[in-house]
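The values are calculated or read from the model by the stated rules, or taken from the named source; none is laboratory data. From a predicted model like this one, the values you see are computed outputs, not experimental measurements. Using ideal geometry, Cβ is built from the backbone for each residue, glycine included, and neighbour counts are taken over all protein chains shown. Just so you know, the surface numbers come from the protein's heavy atoms only, side chains and all, with ligands and any DNA or RNA stripped out. Shrake-Rupley method; radii C 1.70, N 1.55, O 1.52, S 1.80 Å.
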Amino acid sequence: MTTVAFIGLGNMGLPMAKNLLKAGMHVQGFDLAETARAGLVTAGGSASAAVADAVVGADIVISMLPSGKIVSAVYEGEDGVFANAEKGALFIDSSTIDVATSRDISAKAKELGFDMVDAPVSGGVGGAAAGTLAFMVGGSKDAFKRAEPVLDPMGAKIVHCGDSGTGQAAKACNNMLLAISMIGVSEAFNLGRSLGLDDQVFFDVASNASGQCWSLTTYCPVPGPVPTSPANNDYKPGFATALMLKDLNLAMAAAGETATDTPLGKLSRDIYTAMDSAGHGGTDFSGVINYLAKGK
Ligand code: NAD
(Lines give C-alpha, C1' and ligand atoms only; values in the text may rest on other atoms or scores of the structure.)
Protein backbone atom coordinates (compact mmCIF):
# COMPACT_ATOMS: atom_id res chain seq x y z
CA MET A 1 0.00 0.00 0.00
CA THR A 2 1.26 3.48 -0.89
CA THR A 3 1.88 5.67 2.14
CA VAL A 4 1.49 9.41 1.65
CA ALA A 5 2.64 12.09 4.09
CA PHE A 6 0.30 15.07 3.59
CA ILE A 7 1.54 18.40 5.01
CA GLY A 8 -1.07 21.19 5.12
CA LEU A 9 -4.63 19.98 5.66
CA GLY A 10 -6.53 23.24 5.09
CA ASN A 11 -9.44 24.07 2.79
CA MET A 12 -7.70 22.33 -0.12
CA GLY A 13 -5.37 19.83 1.56
CA LEU A 14 -7.92 17.95 3.65
CA PRO A 15 -10.36 17.15 0.82
CA MET A 16 -7.41 16.17 -1.40
CA ALA A 17 -6.11 13.83 1.30
CA LYS A 18 -9.60 12.32 1.65
CA ASN A 19 -9.55 11.37 -2.04
CA LEU A 20 -6.23 9.57 -1.54
CA LEU A 21 -7.78 7.64 1.36
CA LYS A 22 -10.77 6.72 -0.84
CA ALA A 23 -8.31 5.44 -3.46
CA GLY A 24 -6.91 3.00 -0.87
CA MET A 25 -3.71 4.83 0.09
CA HIS A 26 -2.57 5.30 3.67
CA VAL A 27 -2.35 8.99 4.55
CA GLN A 28 -0.44 10.28 7.55
CA GLY A 29 -0.81 14.02 7.81
CA PHE A 30 0.47 17.04 9.63
CA ASP A 31 -1.01 20.51 10.01
CA LEU A 32 -0.31 23.17 12.63
CA ALA A 33 -4.07 23.33 13.32
CA GLU A 34 -5.44 20.65 15.63
CA THR A 35 -8.87 20.74 13.93
CA ALA A 36 -7.27 19.99 10.56
CA ARG A 37 -5.41 16.98 11.99
CA ALA A 38 -8.64 15.77 13.62
CA GLY A 39 -10.41 16.05 10.24
CA LEU A 40 -7.92 13.63 8.70
CA VAL A 41 -8.33 11.12 11.52
CA THR A 42 -12.14 11.24 11.16
CA ALA A 43 -11.71 10.49 7.45
CA GLY A 44 -9.61 7.39 8.20
CA GLY A 45 -6.05 8.76 8.05
CA SER A 46 -3.58 9.20 10.86
CA ALA A 47 -2.31 12.45 12.34
CA SER A 48 1.35 13.08 13.09
CA ALA A 49 2.75 15.40 15.75
CA ALA A 50 5.28 17.06 13.42
CA VAL A 51 6.54 17.13 9.82
CA ALA A 52 9.47 14.93 10.83
CA ASP A 53 7.08 12.22 12.10
CA ALA A 54 4.69 12.43 9.15
CA VAL A 55 7.35 11.63 6.56
CA VAL A 56 8.65 8.49 8.31
CA GLY A 57 7.67 5.44 6.23
CA ALA A 58 6.11 7.59 3.48
CA ASP A 59 6.71 6.81 -0.21
CA ILE A 60 5.32 10.19 -1.21
CA VAL A 61 5.26 13.59 0.52
CA ILE A 62 2.63 16.09 -0.62
CA SER A 63 2.57 19.69 0.64
CA MET A 64 -0.39 22.06 0.30
CA LEU A 65 0.68 25.23 2.14
CA PRO A 66 -0.04 28.98 2.00
CA SER A 67 3.28 30.49 0.83
CA GLY A 68 6.78 29.89 -0.52
CA LYS A 69 8.32 30.93 2.80
CA ILE A 70 6.30 28.27 4.64
CA VAL A 71 7.05 25.62 2.00
CA SER A 72 10.81 26.33 2.38
CA ALA A 73 10.53 26.11 6.16
CA VAL A 74 8.67 22.78 5.96
CA TYR A 75 11.21 21.17 3.60
CA GLU A 76 14.44 22.56 5.04
CA GLY A 77 16.01 22.45 8.52
CA GLU A 78 16.64 19.52 10.81
CA ASP A 79 12.94 18.97 11.55
CA GLY A 80 11.98 19.30 7.88
CA VAL A 81 11.08 16.95 5.04
CA PHE A 82 14.59 16.73 3.51
CA ALA A 83 16.27 15.68 6.75
CA ASN A 84 13.69 13.09 7.75
CA ALA A 85 12.14 11.59 4.58
CA GLU A 86 12.82 8.01 3.50
CA LYS A 87 15.49 7.48 0.85
CA GLY A 88 13.86 7.49 -2.60
CA ALA A 89 10.68 9.29 -1.47
CA LEU A 90 8.98 11.52 -4.06
CA PHE A 91 8.05 15.10 -3.09
CA ILE A 92 5.04 16.88 -4.61
CA ASP A 93 4.45 20.51 -3.71
CA SER A 94 0.91 21.49 -4.74
CA SER A 95 0.97 24.88 -2.99
CA THR A 96 0.75 27.97 -5.20
CA ILE A 97 4.10 29.69 -4.65
CA ASP A 98 6.60 31.82 -6.56
CA VAL A 99 8.57 30.19 -9.37
CA ALA A 100 11.97 31.15 -7.90
CA THR A 101 11.33 29.49 -4.52
CA SER A 102 9.81 26.46 -6.21
CA ARG A 103 12.92 26.01 -8.39
CA ASP A 104 15.21 26.55 -5.39
CA ILE A 105 13.50 23.84 -3.30
CA SER A 106 13.43 21.38 -6.21
CA ALA A 107 17.15 21.97 -6.85
CA LYS A 108 17.92 21.26 -3.18
CA ALA A 109 15.83 18.07 -3.34
CA LYS A 110 17.79 16.96 -6.42
CA GLU A 111 21.13 17.64 -4.72
CA LEU A 112 20.00 15.37 -1.89
CA GLY A 113 18.98 12.64 -4.36
CA PHE A 114 15.19 13.10 -4.19
CA ASP A 115 12.73 13.51 -7.08
CA MET A 116 10.45 16.53 -6.68
CA VAL A 117 7.70 18.14 -8.75
CA ASP A 118 5.81 21.39 -8.37
CA ALA A 119 2.14 20.60 -8.99
CA PRO A 120 -0.08 23.63 -8.29
CA VAL A 121 -3.77 23.23 -8.98
CA SER A 122 -6.78 25.02 -10.31
CA GLY A 123 -10.35 24.03 -9.53
CA GLY A 124 -10.72 25.41 -6.01
CA VAL A 125 -12.26 23.80 -2.96
CA GLY A 126 -15.08 22.25 -5.04
CA GLY A 127 -12.57 20.58 -7.36
CA ALA A 128 -10.53 19.37 -4.38
CA ALA A 129 -13.62 17.72 -2.84
CA ALA A 130 -14.79 16.21 -6.14
CA GLY A 131 -11.33 14.97 -7.15
CA THR A 132 -11.49 17.02 -10.34
CA LEU A 133 -8.56 19.41 -9.88
CA ALA A 134 -6.31 20.39 -12.78
CA PHE A 135 -2.65 19.80 -11.91
CA MET A 136 0.10 21.77 -13.67
CA VAL A 137 3.27 19.78 -13.08
CA GLY A 138 6.92 20.86 -13.33
CA GLY A 139 9.79 18.39 -13.00
CA SER A 140 11.71 15.67 -14.84
CA LYS A 141 9.86 13.15 -17.01
CA ASP A 142 10.66 10.38 -14.52
CA ALA A 143 9.39 12.41 -11.56
CA PHE A 144 6.21 13.24 -13.49
CA LYS A 145 5.64 9.54 -14.23
CA ARG A 146 6.02 8.72 -10.55
CA ALA A 147 3.67 11.56 -9.50
CA GLU A 148 0.86 10.84 -11.98
CA PRO A 149 -0.73 7.83 -10.19
CA VAL A 150 -0.78 9.73 -6.89
CA LEU A 151 -2.29 12.86 -8.42
CA ASP A 152 -4.86 10.84 -10.37
CA PRO A 153 -7.40 10.29 -7.51
CA MET A 154 -7.34 14.06 -6.81
CA GLY A 155 -7.50 15.37 -10.37
CA ALA A 156 -9.35 15.30 -13.66
CA LYS A 157 -6.48 16.78 -15.68
CA ILE A 158 -2.75 16.34 -15.10
CA VAL A 159 -0.43 18.22 -17.45
CA HIS A 160 3.36 17.93 -17.57
CA CYS A 161 4.46 21.53 -18.23
CA GLY A 162 8.25 20.97 -18.37
CA ASP A 163 11.12 21.18 -15.88
CA SER A 164 10.94 22.36 -12.26
CA GLY A 165 8.99 25.57 -11.74
CA THR A 166 7.04 25.35 -15.01
CA GLY A 167 3.93 24.13 -13.15
CA GLN A 168 4.02 27.32 -11.07
CA ALA A 169 4.77 29.33 -14.22
CA ALA A 170 1.72 27.89 -16.01
CA LYS A 171 -0.51 28.68 -13.03
CA ALA A 172 0.80 32.27 -12.70
CA CYS A 173 0.44 32.97 -16.44
CA ASN A 174 -3.05 31.43 -16.66
CA ASN A 175 -4.35 33.37 -13.68
CA MET A 176 -2.84 36.64 -14.93
CA LEU A 177 -4.67 36.05 -18.21
CA LEU A 178 -7.88 35.23 -16.32
CA ALA A 179 -7.64 38.43 -14.25
CA ILE A 180 -7.14 40.52 -17.38
CA SER A 181 -9.95 38.82 -19.32
CA MET A 182 -12.42 39.17 -16.43
CA ILE A 183 -11.74 42.90 -16.23
CA GLY A 184 -12.14 43.15 -20.01
CA VAL A 185 -15.48 41.33 -19.99
CA SER A 186 -16.66 43.44 -17.03
CA GLU A 187 -15.73 46.70 -18.76
CA ALA A 188 -17.60 45.60 -21.89
CA PHE A 189 -20.80 44.84 -19.92
CA ASN A 190 -20.52 48.14 -18.01
CA LEU A 191 -20.09 50.15 -21.22
CA GLY A 192 -22.91 48.21 -22.89
CA ARG A 193 -25.24 49.02 -19.97
CA SER A 194 -24.28 52.73 -20.18
CA LEU A 195 -25.22 52.61 -23.87
CA GLY A 196 -28.59 50.96 -23.22
CA LEU A 197 -27.52 47.47 -24.35
CA ASP A 198 -29.26 44.55 -22.62
CA ASP A 199 -26.89 42.12 -20.79
CA GLN A 200 -28.40 39.00 -22.38
CA VAL A 201 -28.33 40.51 -25.86
CA PHE A 202 -24.67 41.49 -25.48
CA PHE A 203 -23.88 38.02 -24.10
CA ASP A 204 -25.57 36.35 -27.10
CA VAL A 205 -23.60 38.53 -29.52
CA ALA A 206 -20.16 38.39 -27.84
CA SER A 207 -20.29 34.69 -26.93
CA ASN A 208 -20.70 33.93 -30.65
CA ALA A 209 -18.22 36.56 -31.82
CA SER A 210 -14.57 37.45 -31.35
CA GLY A 211 -15.06 38.58 -27.73
CA GLN A 212 -15.78 34.98 -26.70
CA CYS A 213 -13.72 33.73 -23.74
CA TRP A 214 -14.06 31.68 -20.52
CA SER A 215 -14.67 34.78 -18.36
CA LEU A 216 -17.70 35.51 -20.54
CA THR A 217 -19.18 32.12 -21.38
CA THR A 218 -18.42 30.04 -18.25
CA TYR A 219 -17.98 32.59 -15.48
CA CYS A 220 -20.12 35.48 -16.74
CA PRO A 221 -19.86 38.45 -14.32
CA VAL A 222 -23.50 39.52 -14.76
CA PRO A 223 -26.44 37.51 -13.38
CA GLY A 224 -28.60 35.70 -15.94
CA PRO A 225 -26.75 34.41 -18.98
CA VAL A 226 -24.75 31.65 -17.19
CA PRO A 227 -26.84 30.41 -14.23
CA THR A 228 -23.90 28.66 -12.51
CA SER A 229 -21.66 31.74 -12.34
CA PRO A 230 -21.10 33.44 -8.91
CA ALA A 231 -22.89 36.57 -10.23
CA ASN A 232 -26.13 34.61 -9.67
CA ASN A 233 -25.17 33.92 -6.05
CA ASP A 234 -24.40 37.42 -4.82
CA TYR A 235 -20.75 37.01 -5.95
CA LYS A 236 -19.98 34.45 -3.23
CA PRO A 237 -16.72 32.68 -4.18
CA GLY A 238 -15.99 30.71 -6.33
CA PHE A 239 -12.56 32.23 -6.47
CA ALA A 240 -12.14 34.98 -3.91
CA THR A 241 -10.55 38.30 -4.87
CA ALA A 242 -7.88 37.84 -2.14
CA LEU A 243 -6.77 34.54 -3.72
CA MET A 244 -6.70 36.08 -7.21
CA LEU A 245 -4.59 38.89 -5.78
CA LYS A 246 -2.14 36.38 -4.28
CA ASP A 247 -1.70 34.76 -7.71
CA LEU A 248 -1.33 38.14 -9.46
CA ASN A 249 1.37 39.16 -6.98
CA LEU A 250 3.23 35.92 -7.78
CA ALA A 251 2.87 36.60 -11.52
CA MET A 252 4.16 40.17 -11.08
CA ALA A 253 7.12 38.91 -9.00
CA ALA A 254 7.97 36.50 -11.84
CA ALA A 255 7.60 39.31 -14.41
CA GLY A 256 9.98 41.48 -12.35
CA GLU A 257 12.57 38.71 -11.98
CA THR A 258 12.57 37.98 -15.71
CA ALA A 259 12.30 41.67 -16.80
CA THR A 260 9.13 40.79 -18.76
CA ASP A 261 6.83 43.68 -19.60
CA THR A 262 3.26 42.82 -18.51
CA PRO A 263 1.43 46.19 -18.42
CA LEU A 264 -2.09 44.69 -18.32
CA GLY A 265 -1.04 42.18 -15.67
CA LYS A 266 0.25 45.09 -13.58
CA LEU A 267 -2.91 47.13 -14.12
CA SER A 268 -5.14 44.18 -13.21
CA ARG A 269 -3.07 43.64 -10.05
CA ASP A 270 -3.59 47.33 -9.17
CA ILE A 271 -7.35 47.03 -9.73
CA TYR A 272 -7.68 43.85 -7.62
CA THR A 273 -5.47 45.41 -4.91
CA ALA A 274 -7.81 48.41 -4.74
CA MET A 275 -10.85 46.12 -4.68
CA ASP A 276 -9.31 44.09 -1.84
CA SER A 277 -8.40 47.26 0.10
CA ALA A 278 -11.99 48.49 -0.29
CA GLY A 279 -13.10 45.44 1.73
CA HIS A 280 -14.01 43.05 -1.12
CA GLY A 281 -11.28 40.45 -0.58
CA GLY A 282 -13.89 37.80 0.22
CA THR A 283 -16.01 38.61 -2.84
CA ASP A 284 -15.67 36.47 -5.95
CA PHE A 285 -13.16 38.05 -8.36
CA SER A 286 -15.91 38.45 -10.99
CA GLY A 287 -17.42 41.05 -8.60
CA VAL A 288 -14.83 43.38 -10.14
CA ILE A 289 -17.66 44.38 -12.49
CA ASN A 290 -19.46 46.12 -9.61
CA TYR A 291 -16.25 47.56 -8.18
CA LEU A 292 -15.48 49.12 -11.58
CA ALA A 293 -19.04 50.41 -12.03
CA LYS A 294 -19.23 52.04 -8.59
CA GLY A 295 -15.56 52.93 -8.13
CA LYS A 296 -15.69 51.47 -4.60
P1 NAD B 1 -5.61 27.15 3.94
O2 NAD B 1 -5.13 28.36 4.63
O3 NAD B 1 -7.04 26.73 4.10
O4 NAD B 1 -4.70 25.87 4.35
C5 NAD B 1 -3.33 25.93 4.60
C6 NAD B 1 -3.05 25.01 5.78
O7 NAD B 1 -1.63 24.97 6.00
C8 NAD B 1 -3.69 25.49 7.08
O9 NAD B 1 -4.51 24.46 7.60
C10 NAD B 1 -2.50 25.79 7.98
O11 NAD B 1 -2.74 25.49 9.36
C12 NAD B 1 -1.44 24.89 7.39
N13 NAD B 1 -0.07 25.29 7.72
C14 NAD B 1 0.47 26.54 7.68
N15 NAD B 1 1.77 26.49 8.03
C16 NAD B 1 2.05 25.19 8.27
C17 NAD B 1 3.23 24.51 8.67
N18 NAD B 1 4.38 25.14 8.88
N19 NAD B 1 3.16 23.16 8.84
C20 NAD B 1 2.00 22.50 8.64
N21 NAD B 1 0.85 23.09 8.27
C22 NAD B 1 0.89 24.43 8.08
O23 NAD B 1 -5.25 27.35 2.39
P24 NAD B 1 -5.85 26.54 1.14
O25 NAD B 1 -7.02 27.27 0.61
O26 NAD B 1 -5.97 25.10 1.49
O27 NAD B 1 -4.68 26.75 0.08
C28 NAD B 1 -3.50 25.96 0.11
C29 NAD B 1 -2.69 26.28 -1.15
O30 NAD B 1 -3.49 25.99 -2.30
C31 NAD B 1 -2.30 27.76 -1.26
O32 NAD B 1 -1.00 27.86 -1.77
C33 NAD B 1 -3.33 28.33 -2.21
O34 NAD B 1 -2.86 29.46 -2.92
C35 NAD B 1 -3.55 27.14 -3.14
N36 NAD B 1 -4.85 27.14 -3.82
C37 NAD B 1 -6.01 27.41 -3.14
C38 NAD B 1 -7.23 27.40 -3.81
C39 NAD B 1 -8.51 27.68 -3.09
O40 NAD B 1 -9.54 27.86 -3.77
N41 NAD B 1 -8.55 27.72 -1.76
C42 NAD B 1 -7.26 27.12 -5.20
C43 NAD B 1 -6.08 26.81 -5.86
C44 NAD B 1 -4.87 26.83 -5.16
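Computed quantities for the displayed model
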quantity	calculated
Acute angle (nearest 10 degrees) that the helix 13-22 long axis makes with the longest principal axis of the chain, alpha-carbon atoms	60
Electrostatic dipole magnitude of region 59-171 [Cβ: Lys, Arg +1; Asp, Glu -1; Cα centre; debye, to 20]	340
Relative contact order of the chain, defined on C-alpha pairs under 8 angstrom at six or more residues apart (%)	13
Per residue, the convex hull volume that the Cα atoms of region 146-285 enclose (Å³)	144
Most positive-pole-ward Cα, Val81, Ser63, Gly113, against dipole of region 37-117 from beta carbon charges	Ser63
Distance violations [Cα-Cα > 20 Å] among Lys69/Lys266; Lys69/Lys108; Lys110/Lys171; Lys110/Lys141; Lys22/Lys236	Lys69/Lys266; Lys110/Lys171; Lys22/Lys236
Local electrostatic count at Gly44 - Lys and Arg +1, Asp and Glu -1, tallied over other residues with Cβ under 15 Å	+3
The chain: angle of helix 141-151 to the longest principal axis, Cα-based, in degrees nearest 10	80
Share of carbon and sulfur in the accessible heavy-atom surface of the chain [1.4 Å probe, %]	56
Computed P(r) (all Cα pairs; the chain; 5 Å bins; percent)	1, 6, 12, 15, 16, 15, 12, 9, 7, 4, 2, 1, 0, 0
Average accessible area per residue (Å²) across region 1-142 - probe 1.4 Å, nucleic acids and ligands excluded	41
Cβ-placed point charges (K, R +1; D, E -1), dipole of the chain about Cα centre in debye, nearest 20	360
DSSP beta bridge pairing in region 4-147, given as percent antiparallel to the nearest 5	15
Listed residues Ser277, Ser268, Ser140, most fluctuating in the chain (Gaussian network, C-alpha, under 10 Å)	Ser277
Degrees, to the nearest 10: 99-111 long Cα axis against longest axis of the chain	20
Relative contact order for region 130-194, counting Cα pairs under 8 Å that sit 6 or more residues apart, in percent	35
Highest-MSF residue in the chain out of Gly165, Gly211, Gly265 [GNM, Cα springs under 10 Å]	Gly211
Probe 1.4 Å, protein heavy atoms only - accessible area per residue of region 161-227 in square angstrom	47
For region 281-296, 3J(HN,Hα) per residue [Karplus equation, 6.51 cos²θ - 1.76 cosθ + 1.60, θ = phi - 60°, Hz, x = Gly/Pro]	x, x, 7, 3, 5, 6, x, 4, 4, 6, 4, 5, 5, 9, x, 7
MRE, 222 nm, helices only [DSSP H, n ≥ 4, -39500 (n - 2.57), over the chain, to nearest 500]	-14500 deg cm²/dmol
